[in-house]
Amino acid sequence: MKAWKVTNERSVELVDMGAQPVAENCVKLKMLTALVDTHESSLYKKGGNSLPLIAGRQGVGMVTEVGANVTAFKRGDKVFIRPVSPCGKCSNCKNGRKSECEHSYVYGKTEDGVLRDFITVPQTDLILLPQQVDETEGVFIEQVALAVETLDRLKIEKGEHIVILGATLAGLIIAQAAIYYQAVPILVDLREDRLALAEKLGIYYTINAVETDPVKKVFSITCGKMAETMVYTLLSGMTVRRSFENLVRGGRVAFVGFDDMEADLSADLMPALGKELVIYMVSSAGDNYYSAVNMLVSSAVDVKSLVSSRIEFDKIGQAIAEVADNEKKYIALLVDATKI
Ligand SMILES: [Zn+2]
């Protein structure tokens, strides 16, 4: 088995792991697709105590072998590897609040990740992809689940306006999901190509913040009422400053992203206080993986159009270094792991 291992700060190597036995509750997968994003680039840039570690958080594989006790999966099944799993032992887990587990294990962060040709994983970490969802779509399950978690936390209602700062991967998925929830997304970004893509995906209100003052435009779109909700996505490259002006009094805001992303979240919270805004911080997909599968089956979100570039397995090391130098370059960088 081959794997991309971060061995040291700014050092990633393709290593041979030899043959891996399949334990009785485990499943062996041939990896089909994976994403390279800030999870991998951050591990590469910052290193830390967990090194050496195989990189890779999000991936889809095909079952090639099952352990003696595995009955839920069979050869040929396509599965998404659940990136984050609760420990099952802490007080939050024992009291039924698994999403608040403080000792979660995370592929490519606390445990060896998925950037390998073959991987052996516990069957409890797998989510079966229905026939309608292929490996290119399935690899986005955590990203779609993050959008579901965001809209659930915001308690988005039909017909509400939701200002989304950043036509990032998260922003473009949340905007599409918002339409599915019958809310009205208003997507703001500085890059015209990203906004043009958003329009192709059916997001009918977009604002180029280089050319237009978003607050004035939101005023006009909402007929002077302003938006009930707002999402700030990390990697948007936009400032939080003045963004609270987009909202009504009592409005709800979510900051969405992962703690390994580089972003400047400094902001003056006085306007938020004045308007008594409710602020949520969303950095996990919660337990929304199966909702995400549903969203993909029903084509509520188009994730295939968000793939900026596809690379072969052999180019992963180079890609991780590239993303480390420019986190915002790609919307999504997809690894076709079958091409070795
Ligand atoms: Zn726990």
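Values in this text are rule-based calculations from the coordinates and carry no lab data. Bear in mind that the values here come from a model prediction, so they are computed numbers and not experimental data. For neighbour counting, all protein chains shown are included, and Cβ atoms are generated from backbone atoms with ideal geometry for every residue, glycine included.
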Legend entry - Test result for VAL240, over 18 Å from LEU265 (Cβ atoms) and in a loop (DSSP other than H, G, I, E, B): no
Inset, instruction - Spot the failing condition for PRO52; the list is (1) touching a residue at least 60 places away in the same chain (Cβ under 8 Å); (2) within 25 Å of the chain's Cα centre (by Cα), and only one is missed. - result: (1)
Legend entry - Failed item in (1) under 29 Å from GLU100 (Cα atoms); (2) surrounded by 22 or more Cβ atoms within 10 Å (Cβ to Cβ); (3) within 23 Å of the chain's Cα centre (by Cα), with LEU235 passing the rest: (2)
Legend entry - Selection from region 107-124 of residues that are touching a Ser or Thr at 6+ places or on another chain (Cβ under 8 Å) and surrounded by fewer than 18 Cβ atoms within 10 Å (Cβ to Cβ): THR110, THR124
Legend entry - Members of region 188-205 that are outside any helix (DSSP H, G or I) and touching a residue at least 24 places away in the same chain (Cβ under 8 Å): VAL188, ASP189, LEU190, ARG191, LEU201, GLY202, ILE203
Legend entry - Number of positions in region 67-89 that are within 16 Å of the ligand (Cβ to nearest atom) and either in contact (Cβ under 8 Å) with a residue 60 or more places away in the chain or touching a helix residue (DSSP H, G or I) at 6+ places or on another chain (Cβ under 9 Å) (or both): 7
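Go through the residues of region 167-189 one by one and say whether even a single one is charged (D, E, K, R) and surrounded by fewer than 24 Cβ atoms within 10 Å (Cβ to Cβ). Give the steps one after another, and end with the answer.
Let us first name the residues in region 167-189 that are charged (D, E, K, R), namely 189.
Add one more test, that the residue is surrounded by fewer than 24 Cβ atoms within 10 Å (Cβ to Cβ), and what stays is none.
No, there is no match, as no residue in region 167-189 is charged (D, E, K, R) and surrounded by fewer than 24 Cβ atoms within 10 Å (Cβ to Cβ).
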Legend entry - Leading residue by the ranking (farthest from the ligand (Cβ to nearest atom)) among those in region 90-103 that are of a type in the set (Lys, Arg) and under 25 Å from the mean Cα position of the chain (by Cα): ARG97
Legend entry - Failed condition for VAL106, given (1) in a strand (DSSP E or B); (2) within 16 Å of the ligand (Cβ to nearest atom); (3) touching a Cys at 6+ places or on another chain (Cβ under 8 Å): (3)
Legend entry - Test set (1) touching a strand residue (DSSP E or B) at 6+ places or on another chain (Cβ under 9 Å); (2) within 20 Å of ILE141 (Cα to Cα) - VAL301 fails condition number: (1)
